[in-house]
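What follows is one structure encoded as structure tokens, with my remarks underneath.
The values are calculated or read from the model by the stated rules, or taken from the named source; none is laboratory data. Keep in mind the model is a prediction, meaning the values are calculated, not measured. Positions of Cβ are generated from backbone atoms using ideal geometry, with glycine treated the same way; all protein chains shown enter the neighbour counts.
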Amino acid sequence: MVTFRYDLKPENPARLGLIVLQSDERIESDFRRLMPDRGDLFVSRIPSAADVTPETLQSMERHLTASASLFPQARPFDVIGYGCTSGSAQIGPDAVADNVKRGVSVRAVTNPLTALVQTCRAAGIDRLGFLSPYVETVSGRLRDTLAGAGVKTPVFGSFDEGEEARVARIQPESMVAAGADLAKGGGIDALFLSCTNLDTLDIIEPLQQQTGLPVLSSNLVLAWHMAQLGGVKLADIPATRHLISACPVSK
């Protein structure tokens, strides 16, 4: 046997992790477009139910540590995102972070709820038009949590769907029509399209042009906050340009 010498390649400047729901069919493809090439992005999955209820959302808490432990452990992570907006409200952002940190060494943990609050603060947004795919018991908890963080949702609409597989298949055109309808009454600073499993990325810019309002989505704000915490830039695509302008990444 011949033994060869080798050199180790330099590490990427940012090491990012994403915990994705078993039932989520959208967030991974969105993040391939949203996140910068110069950051390493690793994905782990977490068991989740086919139906979305407060009870099934809460049940994910007991799996967070195990899911986090499946990330590569060769060196610490800069930031890990838990990819569930309603689950973050049900479990609580602090409990999410504590459970993730038990499974992997990571400097910061975020989620779409925390990311939305931070985005609103950075952009000076106080009142959201809120579009949810889910039933009232799920959406209500999320809106109450946002209100507690100082973000009001005076305009609210929902597709009133409880089955995750159907949420993933809601037509983008249906969301454009619903978002435009919510914006008609005025009295809001921006629109928020809630849920990481919704196909929203390509309708953000057209909906902004149609309504004249900033449009945010769960995946967009989560990627922005992870970029903030990781010290990297979002990819420059139509959906991100308004957010990059309003909330540049701090170094």
Selection from the range 37-50 of residues that are modelled with pLDDT under 95, out of contact with any helix residue (DSSP H, G or I) (no Cβ under 7 Å at 6 or more places or on another chain) and either more than 16 Å from residue 235 (Cα to Cα) or assigned to a loop (DSSP other than H, G, I, E, B) (or both): 37, 38
Residue count, the range 90-132 (criterion: in contact with a Cys (Cβ under 8 Å, 6 or more places away or on another chain), farther than 17 Å from residue 20 by Cβ and either without any contact (Cβ under 8 Å) to a residue 60 or more places away in the chain or not hydroxyl-bearing (Ser, Thr, Tyr) (or both)): 4
Total residues in the range 199-209, condition of a type in the set (S, T, N, Q) and over 14 Å from residue 174 (Cα atoms): 2
Qualifying residue in the range 150-166 (condition: closer than 25 Å to residue 92 by Cα, free of Cβ contacts under 8 Å to residues at least 40 places away in the same chain, surrounded by 14 or more Cβ atoms within 10 Å (Cβ to Cβ) and under 17 Å from the mean Cα position of the chain (by Cα)): yes
Residues located in the range 98-141, provided they are of a type in the set (A, V, I, L, M), assigned to a helix (DSSP H, G or I) and crowded, with 20+ Cβ neighbours inside 10 Å: 100, 113, 115, 116, 117, 138
Extreme residue, nearest to residue 193 (Cα to Cα), among residues of the range 57-97 that are in contact with a Phe, Trp or Tyr (Cβ under 8 Å, 6 or more places away or on another chain) and in a helix (DSSP H, G or I): 86
Some residue of the range 54-72 being farther than 20 Å from residue 230 by Cβ and in contact (Cβ under 8 Å) with a residue 60 or more places away in the chain: yes
Residue check for residue 240: modelled with pLDDT under 95 and either hydrophobic (A, V, I, L, M, F, W, C) or crowded, with 19+ Cβ neighbours inside 10 Å (or both): yes
Members of the range 174-217 that are in a helix (DSSP H, G or I), farther than 21 Å from residue 241 by Cβ and touching a residue at least 12 places away in the same chain (Cβ under 8 Å): 174, 178, 181, 182
Every residue from the range 218-234 that is in a loop (DSSP other than H, G, I, E, B), at negative phi and not β-branched (Val, Ile, Thr): 233, 234
Members of the range 51-76 found to be among the polar types (S, T, N, Q) and in contact with a helix residue (DSSP H, G or I) (Cβ under 6 Å, 6 or more places away or on another chain), listed by number: 58, 65
Residue 130 vs. criteria at pLDDT 95 or above, within 20 Å of residue 207 (Cβ to Cβ), in contact with a Phe, Trp or Tyr (Cβ under 6 Å, 6 or more places away or on another chain) and of a type outside the set (Val, Ile, Thr): yes
Matching residues in the range 30-76 - criterion: being within 18 Å of the chain's Cα centre (by Cα), hydroxyl-bearing (Ser, Thr, Tyr) and under 23 Å from residue 159 (Cα atoms): 48
Residue in the range 16-30 that is in a loop (DSSP other than H, G, I, E, B), at pLDDT 95 or above and either of a type in the set (Gly, Ala, Ser) or over 23 Å from residue 115 (Cβ atoms) (or both) present: yes
